[in-house]
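First up is the structure itself, then whatever we jot down about it.
The numbers here are math on the coordinates, done by the rules we state, and not lab data. A quick note: this is a predicted structure, and the numbers were derived from the prediction, not measured. Every residue, glycine as well, gets a Cβ built from its backbone with ideal geometry; the counts of neighbours run over all protein chains shown.
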Amino acid sequence: MTNPSEEPAWKQRAVERSIKTAKLRAAQRVQRFLDAAQAIIIEKGSTDFTVQEVVDRSRQSLRSFYLQFDGKHELLLALFEDALSRSADQIRAATENHADPLGRLKVAVELLYEASRPDPTAKRPLFTDFAPRLLVTHPAEVKTAHAPLLALLTELMEAASDAGELRPEVNPKRIAAMTMQTVMFIAQSSGGADDATTHPITADEVWDFCSRGFANT
């Protein structure tokens, strides 16, 4: 028997179905806003656009936009998080072709370095304009955005540790965080007019430098 205080099963199913449909529609609306904003960024080569432009491009309402996002900052943050999440997925896929745990980690570090380097031929304002400002004004949001990359490096570090390929005293999660920050800092600092630009630091050099801090050699 149904407890008198509980909703009938048919009503629970109806509510669950309604919630599921509402979530799906909300996700579709969000994706249309993201796609519209991304298209505008590509066209302009910058993040200098208005919410109204995004609304018009997406063919949705301003009210609908503010039901999904607090404003332009949150929209840009969503795009930034999505880009980093996709980058983590791509790096993970590339590591799966290697059986050796340390070899997988090497691939991940080198790909992260290459992906993080400034590219004069590519317009990536989310990384060249938005991300540096975000680091200064909202460091906690930057940490959240990088969570997929950190999770991947931590997973690879733990696998290498379990295989005996890291020094025994190394903490995989802490080393993963330090490695990620080191690799990205070196990559993002390689765009100036100096020797590092004339003779760019290679991905092999970055791996050699980082791995000396944790590899059991």
Revision key, fill the gap. Diffing segment 199-212: the Karplus 3J(HN,Hα) column from phi (6.51, -1.76, 1.60, θ = phi - 60°), in whole Hz with x for Gly and Pro, holds 10, x, 5, 8, 5, 4, 5, 5, 4, 4, 5, 5, 5, 5
Review point. Can you flag which of 143/173; 44/72; 44/106 are past 24 Å Cα-Cα?
Key: 44/106
Revision key, fill the gap. Mean-square fluctuation maximum in Gaussian network of the chain, Cα pairs under 10 Å, restricted to 176, 27, 203, hits 27
Check your understanding: Which value results when the Cα radius of gyration for the chain is divided by 2.2 N^0.38 Å?
Key -> 1.30
Point to revise | Residues of type lysines that residue 20 reaches as a straight line, Cα spacing below 22 Å, ignoring anything fewer than 8 places off in the same chain | key: 11
Point to revise | Contact order relative to length of segment 71-217, as percent, for alpha carbon pairs under 8 angstrom and 6 or more apart | key: 32 percent
Practice item. Could you please state, rounded to a whole Å, how far the C-alpha centre of segment 109-138 is from the C-alpha centre of segment 174-189? Key: 13 Å
Study note, to complete from the structure: Protection proxy (average C-beta count within 10 Å per residue), highest first, orders 123-130, 32-39 as 32-39, 123-130
